[in-house]
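For reference, the structure is listed below as C-alpha cells.
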Amino acid sequence: MKTSEIRRKFLDFFVQNEHQEVSSSSLVPGNDPTLLFTNAGMVPFKDVFLGDEQRNYTRATSSQRCVRAGGKHNDLENVGYTARHHTFFEMLGNFSFGDYFKREAIRFAWTFLTEELNLPKEKLWITVFLDDDEAADIWINEIGIDPARLSRLGEKDNFWSMGDTGPCGPCSEIFYDHGEHVPGGPPGSEGEDLDRYIEIWNIVFMQFNQDANGVRTPLPKPSVDTGMGVERIAAIMQGVHSNYEIDIFQHLIKAAATLCGSTDLENKSLRVIADHIRSCSFLITDGVVPSNEGRGYVLRRIIRRAVRHGNKLGVQGAFFNQLVSALGEVMGDAYPELIELKAHIEKVLLLEEEQFAKTLVNGMKILEGAIESLEGDIIDGETVFKLYDTYGFPLDLTADIARERDLNIDEAGFDVAMQKQKETAKAAGKFSAVSSQKLDIAGATEFTGYDGLSNQALVTGLAVD
Ligand code: ATP
Ligand code: MG
Ligand code: MG
Ligand code: MG
C-alpha cells in the first residue's frame with residue numbers, strides 16, 4: 001500500500017466516524033511565539049483544546065506536516081542514526097474536543113489498525129501512563145490485550161506535552177514488533193531504543209494546560225489528541241523495517257544517489273539528504289528563508305548539513321536544489337505547492353548551497369587538520385569557533401562530523417571564543433561581526449533578537465531538549 005493510500009484510508013476512516021477533515025496547517029505556527037515549528041497534529045487546534053476558540057465541530061481528523069528540528073521535540077540528531085526519525089514527517093491524527101474520551105479513542109485506533117489495515121494483533125504492544133488504571137482496564141478487559149504486552153511507563157514516555165507550556169496529558173501508545181530479525185526489546189525494557197519495537201501511534205488524553213512554572217490546571221473539557229507518523233505505518237504496510245525504505249524515501253534516495261554518483265542505497269548520507277530535502281523544501285514553501293536567526297537559522301543548519309553530506313559523498317558543485325523535482329514527483333499530489341513553488345524552492349536552496357560551498361572545502365581542511373593532530377577526543381573550542389565564524393559551520397554541523405569519528409567538541413571553549421570575539425569587536429568600537437545568536441545543541445540557547453518576538457518566547461521556542 002502506497003503512503004498516499006494509507007494517508008487517504010486514515011482520513012476516510014475518521015470521516016466515516018463523524019470527524020471533520022481539516023487540511024494541514026503551515027509549519028510556521030500562526031500566532032504562537034512559544035513554538036518554533038508545528039511539531040504535532042494538535043498544534044493548529046491548541047486554542048480549541050484550551051477552550052479559547054470554538055469550532056463548529058467536536059471531532060476532527062488531519063494529516064499534519066511536522067518538523068522536529070528544535071524546541072522540545074528535536075530529532076535532528078537522530079536522522080541517519082535511527083530507523084524511525086525524520087526532521088520532517090506527516091502526522092495522521094484524530095481529535096476530540098470535549099466529545100469522546102479514552103474508551104472511544106482506544107477503540108478507534110485499534111479498529112483502524114486491526115480491521116482497516118489488518119495488522120496482526122499479537123504484534124502490537126501497548127503502554128499506558130503509570131497510574132492510568134482506566135486506560136489499562138480498557139485495553140485488557142475491553143480490547144482483550146494480553147497483559148504481558150502492556151506496560152505502564154512514567155512521564156518521559158507516557159505524559160505528552162506540546163512544549164514547555166500548553167495542553168498536555170497522560171497518553172497511551174501503540175508499538176509494532178518488527179520481529180526477531182531486528183535486535184531490541186519491548187517498550188520500557190533496556191533494548192527499547194534499538195528499533196525492534198517501534199512506536200507508531202500516540203493517543204493523548206488531553207486534560208491539562210501547563211503554565212511556564214510547570215503548574216498544570218485542568219482543561220475546560222477532557223479531550224483527545226492522537227498522532228501516528230504516516231512513514232512509520234507505511235513501513236509496516238510495505239513490509240520493511242526502516243522508514244527510509246518506504247516508497248517516498250526510496251524515490252528520493254535513488255534521485256540523490258544518481259546526483260551524488262553513489263551506488264549504495266543504504267548509505268547514511270543519502271538517507272540524511274533524502275530527509276533534509278523534505279524539511280527544507282516544506283519550510284521554504286511555508287515562507288522560511290535561510291538566515292542567521294530563529295527559524296531561518298534552523299533551515300540554514302539543515303541545508304548546510306545536507307550539503308556537507310553531499311561533500312562527504314564526493315559531490316562537486318551544487319546538487320541539493322536538484323532534488324526538489326523528485327520530491328514533487330512523490331509528494332506533489334498531496335502538496336501541490338511543491339510543484340507551484342518549485343522554482344522558488346530551488347533558487348533559495350541553490351543560493352545557500354553556493355554560499356556554503358565557498359567555505360565548506362577549506363573549512364573541512366582545517367577540521368581534518370585539527371583532527372589529525374588531536375590528542376584525546378575533544379576538538380578544541382577555538383577551532384570550532386573558527387569554523388563557525390570564518391567558514392560558516394554551524395555548531396551542530398561540526399558536532400555531527402565529530403560524532404561520526406567518535407569525537408566531541410568543546411562547547412564551553414566555543415562559548416569563550418565567541419565571547420572574546422564580541423568583546424574585541426566592542427572594544428574596537430564597531431558592530432560585532434559575530435552573529436547575534438547561536439543555537440547550542442546541548443541545551444542552553446542564547447539569543448539577543450529574533451523577528452520581533454520577546455527573548456523569553458525565543459528561549460521557550462528554541463531551547464533544545
Ligand atoms: P519516539 O519516541 O519514537 O521519538 P515520540 O514519542 O517522540 O516518538 P510523539 O510525540 O508521541 O512521538 O508523536 C506521535 C507519533 O508521531 C509517533 O508515535 C510517531 O509515529 C510519529 N513521530 C514522532 N516523531 C517522529 C519523527 N521524528 N519522525 C517520524 N515520525 C515521528
Ligand atoms: Mg521523539
Ligand atoms: Mg516515544
Ligand atoms: Mg510518543
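The values are calculated or read from the model by the stated rules, or taken from the named source; none is laboratory data. All of these numbers come straight from a predicted model, not from anything done at the bench. Neighbour counts run over all protein chains shown; Cβ positions are idealised from the backbone, glycine included.
Rundown of residues vs (1) more than 18 Å from Asn158 (Cα to Cα); (2) buried (at least 16 other Cβ atoms within 10 Å of the Cβ); (3) away from ligand 3 (no atom under 16 Å from the Cβ), yes/no style:
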site	(1), (2), (3)
Asn209	no, yes, yes
Asp225	no, yes, no
Gly229	no, yes, no
Val240	yes, yes, yes
Tyr244	yes, yes, yes
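Just one of the listed residues (Ala412, Ala417) is surrounded by fewer than 16 Cβ atoms within 10 Å (Cβ to Cβ), over 25 Å from the mean Cα position of the chain (by Cα) and of a type in the set (A, V, I, L, M), namely Ala412. If you go through region 189-204 and keep only what is more than 13 Å from ligand 4 (Cβ to nearest atom) and over 19 Å from the mean Cα position of the chain (by Cα), you end up with Ser189, Glu190, Gly191, Arg196.
Here are some conditions: (1) surrounded by fewer than 18 Cβ atoms within 10 Å (Cβ to Cβ); (2) under 24 Å from Met42 (Cβ atoms); (3) within 16 Å of ligand 4 (Cβ to nearest atom); (4) not hydrophobic (A, V, I, L, M, F, W, C). Thr217 meets all but one. Which one does it not meet? Among (1) surrounded by fewer than 18 Cβ atoms within 10 Å (Cβ to Cβ); (2) under 24 Å from Met42 (Cβ atoms); (3) within 16 Å of ligand 4 (Cβ to nearest atom); (4) not hydrophobic (A, V, I, L, M, F, W, C), Thr217 violates only (3). Only residues that are surrounded by 20 or more Cβ atoms within 10 Å (Cβ to Cβ) and either at pLDDT below 95 or among the basic types (Lys, Arg) (or both) were counted in region 85-106, giving 1.
Residue count for region 130-182, restricted to those that are touching a Lys or Arg at 6+ places or on another chain (Cβ under 9 Å), among the small types (Gly, Ala, Ser), within 16 Å of ligand 1 (Cβ to nearest atom) and under 23 Å from Thr114 (Cα atoms): 2. Scanning region 222-242 for residues that are outside any helix (DSSP H, G or I), in contact with a Phe, Trp or Tyr (Cβ under 7 Å, 6 or more places away or on another chain) and away from ligand 4 (no atom under 16 Å from the Cβ) turns up Pro222, Ser223. Please determine whether any residue of region 180-193 is farther than 20 Å from Lys123 by Cα and in contact with a His (Cβ under 9 Å, 6 or more places away or on another chain). For region 180-193, residues farther than 20 Å from Lys123 by Cα and in contact with a His (Cβ under 9 Å, 6 or more places away or on another chain): absent. Check whether at least one residue in region 163-180 is closer than 21 Å to His86 by Cβ, within 15 Å of ligand 2 (Cβ to nearest atom) and small (Gly, Ala, Ser), and report yes or no. Within region 163-180, one or more residues are closer than 21 Å to His86 by Cβ, within 15 Å of ligand 2 (Cβ to nearest atom) and small (Gly, Ala, Ser). Looking at this structure, is Gly71 in contact with a Gly (Cβ under 7 Å, 6 or more places away or on another chain), crowded, with 20+ Cβ neighbours inside 10 Å and not in a strand (DSSP E or B)? Against the criterion (in contact with a Gly (Cβ under 7 Å, 6 or more places away or on another chain), crowded, with 20+ Cβ neighbours inside 10 Å and not in a strand (DSSP E or B)), Gly71 qualifies. Only one entry in Leu360, Leu367, Leu407 is in contact with a strand residue (DSSP E or B) (Cβ under 7 Å, 6 or more places away or on another chain), surrounded by 13 or more Cβ atoms within 10 Å (Cβ to Cβ) and under 16 Å from Lys312 (Cβ atoms), namely Leu407.
A single entry from Phe49, Phe45 fulfils the requirement of being in a helix (DSSP H, G or I), within 15 Å of ligand 1 (Cβ to nearest atom) and surrounded by 23 or more Cβ atoms within 10 Å (Cβ to Cβ): Phe45.
Can you confirm whether region 75-93 contains a residue that is at positive phi and assigned to a loop (DSSP other than H, G, I, E, B)? Yes: region 75-93 contains one or more residues that are at positive phi and assigned to a loop (DSSP other than H, G, I, E, B).
Among the conditions (1) among the polar types (S, T, N, Q); (2) within 16 Å of ligand 4 (Cβ to nearest atom); (3) without any contact (Cβ under 8 Å) to a residue 60 or more places away in the chain, the only one that Thr114 does not satisfy is (2).
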